[in-house]
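Following: one structure in structure tokens, then a few remarks.
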Ligand code: 13P
Ligand code: SF4
């Protein structure tokens, strides 16, 4: 029963004291978030992870986030993911062998005119690939600055693995859609509308299966039924949805917008369900709904639940470190180059 698990988790948490620090991503369930020492988006959590001195960093988020935490903490600190099945389908859309093959194809096409950027929602191996090729990581909070940096450095940019964050960011900077090509990693092919010399941005054909569930028809229906409702979406949504929305920005931006909004204001939010539900509960004087009436959970984020959290905590009390995430030293050093460039 939940009550029993909460008692056990609270007890174990107290026994571990300051030997343990718990990080919680905003998309986590309430039953987990209540134990987080700090909550944040991908950027905040990676920065905070690097500042901790606790022996154990328990990451309530997904695998790529725990890898980043391991890269930014010392080898003596153990980063733990309470359920190893908490992966990310977007990160899995760029595997390292495919990426290396794609990179040599792109070098054949464009020579030394491309710099790679990867969304932090990618594996440590992809971050390392980007680091050793002179690129950087980006998050949804700093994508604009990082894209400007990349295009100031080289004539072209390869953006991994989320085509939507890439397209939305680049379009906002005024680069026409025609000058963006899509790299299909399965066919190892460039899908383009312009002459090869005019390709400025190469978008990896990846996406977030959660944010893809917000559709232009949801925006259209709301516009007709409730023209006074503000539409606020995450830039992992498609270009069509982002351009039709009133506001688009990172998880932190979404939270800040709601915090700063007037009581009584009306919002439809296009992002992960746990966060939307928490905003609904935390701001009862705002009228908040999900842009998709059927809501959109991230199933892998939801793998982290109270039973897994309790298990991880109780094992630590017994001196057993389960589900430790370890990135090998070479990968970590190269990935750190990409992360440091961003930070
Ligand atoms: P941010 O936390 O950077 O907004 O990323 C959203 C996301 O999809 C996390 O998995
Ligand atoms: Fe991955 Fe999307 Fe889930 Fe974030 S919300 S962990 S990008 S699948």
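Summary table below
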| quantity | calculated |
| --- | --- |
| Qualifying residue in the range 210-218 (condition: crowded, with 23+ Cβ neighbours inside 10 Å and within 12 Å of ligand 1 (Cβ to nearest atom)) | yes |
| Exclusive hit being in contact (Cβ under 8 Å) with a residue 12 or more places away in the chain and within 25 Å of residue 15 (Cβ to Cβ), set 316, 337 | 316 |
| Test set (1) without any contact (Cβ under 8 Å) to a residue 40 or more places away in the chain; (2) in a helix (DSSP H, G or I); (3) exposed (fewer than 14 other Cβ atoms within 10 Å of the Cβ) - residue 144 fails condition number | (3) |
| Given (1) over 18 Å from residue 126 (Cβ atoms); (2) assigned to a helix (DSSP H, G or I), index of the condition residue 69 fails | (1) |
| Only listed residue being part of a strand (DSSP E or B) and touching a strand residue (DSSP E or B) at 6+ places or on another chain (Cβ under 6 Å), chosen from 269, 280 | 269 |
| Conditions (1) within 13 Å of ligand 2 (Cβ to nearest atom); (2) touching a strand residue (DSSP E or B) at 6+ places or on another chain (Cβ under 7 Å); number of the one not met by residue 114 | (1) |
| Failed item in (1) modelled with pLDDT of 95 or more; (2) more than 16 Å from ligand 2 (Cβ to nearest atom); (3) closer than 28 Å to residue 56 by Cα, with residue 343 passing the rest | (1) |
| Answer residue from the range 95-132, given it is part of a loop (DSSP other than H, G, I, E, B) and either within 22 Å of the chain's Cα centre (by Cα) or within 16 Å of ligand 1 (Cβ to nearest atom) (or both) and is surrounded by the fewest Cβ atoms within 10 Å (Cβ to Cβ) among those | 95 |
| Among (1) at pLDDT 95 or above; (2) farther than 18 Å from residue 205 by Cβ; (3) in a helix (DSSP H, G or I) - the single one residue 137 does not satisfy | (3) |
| Hits in the range 194-228 - residues which are part of a loop (DSSP other than H, G, I, E, B), over 17 Å from residue 242 (Cα atoms) and away from ligand 2 (no atom under 16 Å from the Cβ) | 194, 195, 199, 200, 226, 228 |
| Of all residues in the range 83-99 being touching a helix residue (DSSP H, G or I) at 6+ places or on another chain (Cβ under 7 Å) and more than 16 Å from ligand 2 (Cβ to nearest atom), the one that is farthest from residue 322 (Cα to Cα) | 99 |
| The one condition in (1) more than 23 Å from residue 328 (Cα to Cα); (2) more than 13 Å from ligand 1 (Cβ to nearest atom); (3) within 16 Å of the chain's Cα centre (by Cα) that residue 24 fails to fulfil | (2) |
| Pairs with Cβ under 9 Å, 6+ apart, first in the range 52-69 and in the same structural domain as residue 24 (by TED's automatic domain parsing), second in a strand (DSSP E or B) and within 12 Å of ligand 2 (Cβ to nearest atom) | 59/25; 60/25; 61/25; 62/25; 65/25 |
| The lone exception for residue 252 - which of (1) under 23 Å from residue 115 (Cβ atoms); (2) touching a strand residue (DSSP E or B) at 6+ places or on another chain (Cβ under 9 Å); (3) outside any loop (DSSP other than H, G, I, E, B) it fails | (1) |
| Filter result (surrounded by fewer than 18 Cβ atoms within 10 Å (Cβ to Cβ) and assigned to a helix (DSSP H, G or I)) within the range 315-325 | 315, 317 |
| The range 48-68, subset more than 14 Å from ligand 1 (Cβ to nearest atom) and under 26 Å from residue 298 (Cα atoms), residue surrounded by the most Cβ atoms within 10 Å (Cβ to Cβ) | 58 |
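The values are calculated or read from the model by the stated rules, or taken from the named source; none is laboratory data. Remember, predicted model here, so these are calculated numbers, not experimental data. All Cβ positions, glycine included, derive from the backbone under ideal geometry; neighbour counts span all protein chains shown.
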